[in-house]
1. Test Glu284 against the stated conditions and say whether it is open to solvent by 60 Å² or more (accessible area, probe 1.4 Å) and either touching a Lys or Arg at 6+ places or on another chain (Cβ under 7 Å) or closer than 26 Å to Trp173 by Cα (or both).
2. Can you list the strands (runs of 3 or more DSSP E) found entirely within segment 216-269 that contain at least 3 residues being not hydroxyl-bearing (Ser, Thr, Tyr)?
3. Open to solvent by 10 Å² or more (accessible area, probe 1.4 Å), in contact (Cβ under 8 Å) with a residue 60 or more places away in the chain, not hydrophobic (A, V, I, L, M, F, W, C) and not in a helix (DSSP H, G or I): does that describe Lys123?
4. In segment 290-317, which residues are buried (at least 20 other Cβ atoms within 10 Å of the Cβ), without any contact (Cβ under 8 Å) to a residue 60 or more places away in the chain and of a type in the set (A, V, I, L, M, F, W, C)?
5. Tell me yes or no: at least one residue of segment 272-289 is free of Cβ contacts under 8 Å to residues at least 24 places away in the same chain and either under 33 Å from the mean Cα position of the chain (by Cα) or part of a helix (DSSP H, G or I) (or both).
Amino acid sequence: MLKFAENNMRSKTVDYQGEVEDTRNGADRGNETREDINSLLDHLTLIHIDLRINESELNTQDQDACCSRNVMRKQRHWEKIVAAKKSKRRLEKERRKAKQPGDASGETDPQQHSKKFLKALTKERLLEAKDSGPKLCIDLSMTDHMSKKEISRLAAQIRRLYGSNKKAAKPFWLYLTGFVENSLLYDECVRMNDGFVHYLVESTADSFVDLFPLDTIVYLTPDSDHVLADIDPTKVYVLGGLVDESVQKKVTYQKAKDNGLQTARLPIQEYMVKKDNVKNYHCEILAINQVFDILRTYCETRSWPEALKAGVSPGKGFVLQHEIIPENEPSSISH
């Protein structure tokens, strides 16, 4: 029992000493904790400084990214310019090739070129006319004077006029004024003319008097007292888009006079004469595509007789003066 008691006392002594040591170690750990906290604060300060540096670096990266986008945009713009120049050089090469004689007669077969090239060449000619070619305006504001049948005929004439202009060596730049979308005429043009919405023309619901200076406008009408002697590239020539089967006289002439515009008529009377026919029919009123063919031919040949022959159909009852064969003198124009 005494030994057990001694051993027990020794155990308690050891435990007490251990607790004292743990207490001392705890105090030491407390001191170490305060030191650790101070050290941690120092590190946090350094970390804050590092974060500010990182923000600066991020700003620099954003600026670099912005600069990169600018460089890429400029690069894309430059590539477009290079591609356009290559396309232009290719067209020039094809054009020079087209001008070379294809055979002994000096004629070149247009079928040797692709449809894509011919289409691009036509588009280029039409766009050049926008800046340097003569200007022709179709006044389409008079549909209230026409029936549905006449409006359909007008849409067909617009198709023929545009097709003729595409084939011209020196095309006009065309304007369709007083042209309202979703109107009967517009719907007829879309229905009857393939690719009408892609026509290279300027179309607007506005009046031509609001688009051009009045002193540059020449309204072509068969009722005018003034003869069209020449085509001035600084003028805008206006055709009345009017198909009138009932022959309402002086509609276009009166409209031009109401706006104080200069008028002119084609020189049919000066270069052509009436030809005898069974119905005794003679008419100087032409469709807009026929008037255009006259203007186009004159621009290419500078000859009114050739131009009038191209546009005035025999059914109008007129022929050129030198084509009349005098009676009793059948051989007078043989040479």
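The values are calculated or read from the model by the stated rules, or taken from the named source; none is laboratory data. Bear in mind the structure is a predicted one, so any value in this text is a computation, not a measurement. Positions of Cβ are generated from backbone atoms using ideal geometry, with glycine treated the same way; all protein chains shown enter the neighbour counts. Areas reflect the complete protein model, heavy atoms only, side chains present, ligands, DNA and RNA absent. Shrake-Rupley method; radii C 1.70, N 1.55, O 1.52, S 1.80 Å.
1. Against the criterion (open to solvent by 60 Å² or more (accessible area, probe 1.4 Å) and either touching a Lys or Arg at 6+ places or on another chain (Cβ under 7 Å) or closer than 26 Å to Trp173 by Cα (or both)), Glu284 does not qualify.
2. Ranges flagged: 217-220, 236-240.
3. No, not satisfied.
4. Within segment 290-317, Ile294, Trp304, Ala307, Leu308, Val312 meet the criteria.
5. no
To keep it simple, each residue is scored yes or no on (1) open to solvent by less than 20 Å² (accessible area, probe 1.4 Å); (2) free of Cβ contacts under 8 Å to residues at least 24 places away in the same chain.
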| site | (1), (2) |
| --- | --- |
| Leu136 | yes, no |
| Asp144 | no, yes |
| Ala155 | yes, no |
| Lys170 | no, no |
| Asp187 | no, yes |
| Asp206 | no, no |
